[in-house]
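Peer 1: Okay, here's the structure, questions in a sec.
Derivation of every value follows stated rules applied to the coordinates shown; laboratory data play no part. In this text the structure is predicted, and so the values were computed from the model without any measurement. So basically every Cβ, Gly included, is an ideal-geometry build from the backbone, and we count neighbours across all protein chains shown.
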Ligand code: KIV
């Protein structure tokens, strides 16, 4: 039984690093899933632009729009009482100008998010400064950032050489200085994530970045085997795809064989009313 959970804020997230407590984050895109995550004590719920791949069926996150992100953020917001709710800014919602980015980040806050996440390094320092000065907390995101797949030439682990790892380390330091309250480290060697985590005073949240990060995040659909494939960095804790497929097969069989709906799933009227109905109907037909 879980006791009453305290509301998680960006302050709580910072304090967790100071206390050496791991931060647990997951993505959610809809009300019922967000409600479960929120009730069992997930610290951060991210309405990720991964909604594009795992819910909307796009091949990448690149087609995801602000409209789609806000729609899912509002649904998740209706469920979330305890977790910190972060909205993921989609491709081209923050790259064109600072004004446009602040407006779009503000729309996430109006939709119920308490912070926004943006993918990228030092080039976003002025934007992160502007957002944090405008009262919009920012979660950074560096490494194998999916919105950059074309620049990377595919889904390639980043920071594998000392030279590339130093760029990531510098980016992380610059993001912290600009005011980011935490940074997602995605798809980088665990040694690099360890060095970044030891260097920063804000928490690092890893995905495919090893065990030394201050917290971990996964895409919900990866944790439950619901995606088209299981990425190496993910762990499947329950194979929901098989459970759902078996359940649907059972439903198909029961409908075909007339087992479902049973009496307990049906509504009834009294024998007298049935009799009256039949009498009246046969009168009208004759
Ligand atoms: O969109 C997303 O789900 C993400 C996380 C996995 C970090 O960006």
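Peer 1: Once fully extended, how much extra length lies between residue 267 and residue 253, figured as 0.36 nm per residue of separation less the alpha-carbon to alpha-carbon distance? If you can, show how the numbers build up before the last one.
Peer 2: Values: separation 14, 0.36 × 14 = 5.04 nm, distance 2.21 nm.
Full extension of this stretch gives 2.8 nm more.
Peer 1: Which length gain, in nm to one decimal place, applies between residue 237 and residue 151 when the Cα-Cα distance is subtracted from 0.36 nm times their residue separation?
Peer 2: 27.7 nm
Peer 1: Follow-up. Using 0.36 nm per residue of separation minus the Cα-Cα distance, give me the extension gain between residue 40 and residue 191 in nm, one decimal.
Peer 2: 51.3 nm
Peer 1: Here is a further query. Could you work out the relative contact order of the range 54-108? I mean the mean sequence separation of Cα pairs under 8 Å and 6+ apart, divided by the number of residues, in percent.
Peer 2: It comes to 38 percent, rounded to a whole number.
Peer 1: Against the longest principal axis of the chain, how steep is helix 162-178, in degrees 0 to 90 to the nearest 10, with axes from Cα atoms?
Peer 2: The angle comes out at about 80 degrees.
Peer 1: On a 0 to 90° scale, report how tilted helix 240-256 is relative to the longest principal axis of the chain, with both axes built from alpha carbons and the result rounded to the nearest 10.
Peer 2: 10
Peer 1: Taking the Cα centroid of the range 209-286 and of the range 33-48, what is the distance between the two, rounded to the nearest whole Å?
Peer 2: For the range 209-286 versus the range 33-48, the Cα centre distance is 23 Å.
Peer 1: Mind grabbing the base-10 log of I(q)/I(0) for the chain at q = 0.09 Å⁻¹? Debye formula, identical points on the C-alpha positions, no solvent, two decimal places.
Peer 2: -0.48
Peer 1: A follow-up question, please. In which sequence would 94, 251 go, from the one with the fewest C-beta neighbours within 10 Å to the one with the most?
Peer 2: Placing the least packed residue first, the sequence is 251, 94.
Peer 1: Å³ per residue of the Cα convex hull, for the range 243-285? Show your work: numbers first, answer last.
Peer 2: Working: hull volume 4.4 nm³, N = 43.
Per residue, the Cα convex hull of the range 243-285 comes to 103 Å³.
Peer 1: Oh, and also: Quick one: 86, 102, fewest Cβ neighbours within 10 Å first, how do they rank?
Peer 2: Lowest to highest Cβ neighbour count: 102, 86.
Peer 1: To one decimal place, what Kirkwood hydrodynamic radius in Å is obtained for the range 102-163 from all pairs of distinct Cα atoms? Working shown, then result.
Peer 2: Details: mean 1/r = 0.0767 Å⁻¹.
About 13.0 Å for the range 102-163.
Peer 1: For residue 123 paired with residue 30, estimate the spin-label separation in nm (one decimal), with each label point 7 Å from Cα along the Cα-to-Cβ line.
Peer 2: 3.5
Peer 1: Hey, what's the Cα Rg ratio for the range 1-118 versus the globular rule of thumb, 2.2 N^0.38 Å?
Peer 2: Details: Rg = 14.4 Å, N = 118, 2.2 N^0.38 = 13.5 Å.
Rounded to two decimals, the normalised Rg is 1.07.
Peer 1: For the chain, what's the relative contact order in percent, using C-alpha pairs closer than 8 Å and at least 6 residues apart?
Peer 2: It rounds to 14 percent for the chain.
Peer 1: Moving on to the next point. Could you list 8, 125 so that the one with the fewest beta carbons within 10 Å of its beta carbon is first and the one with the most is last?
Peer 2: 125, 8
Peer 1: If you bin every alpha carbon distance in the range 188-286 into 5 Å steps from zero, what whole percent lands in each bin?
Peer 2: That works out to 2, 10, 11, 9, 8, 9, 8, 6, 5, 5, 6, 6, 4, 3, 3, 3, 2, 0, in percent per bin.
Peer 1: Then there is this: Taking Cα atoms, how many degrees apart are the long axis of helix 190-199 and the longest axis of the chain, rounded to 10 and kept between 0 and 90?
Peer 2: The answer is roughly 70 degrees.
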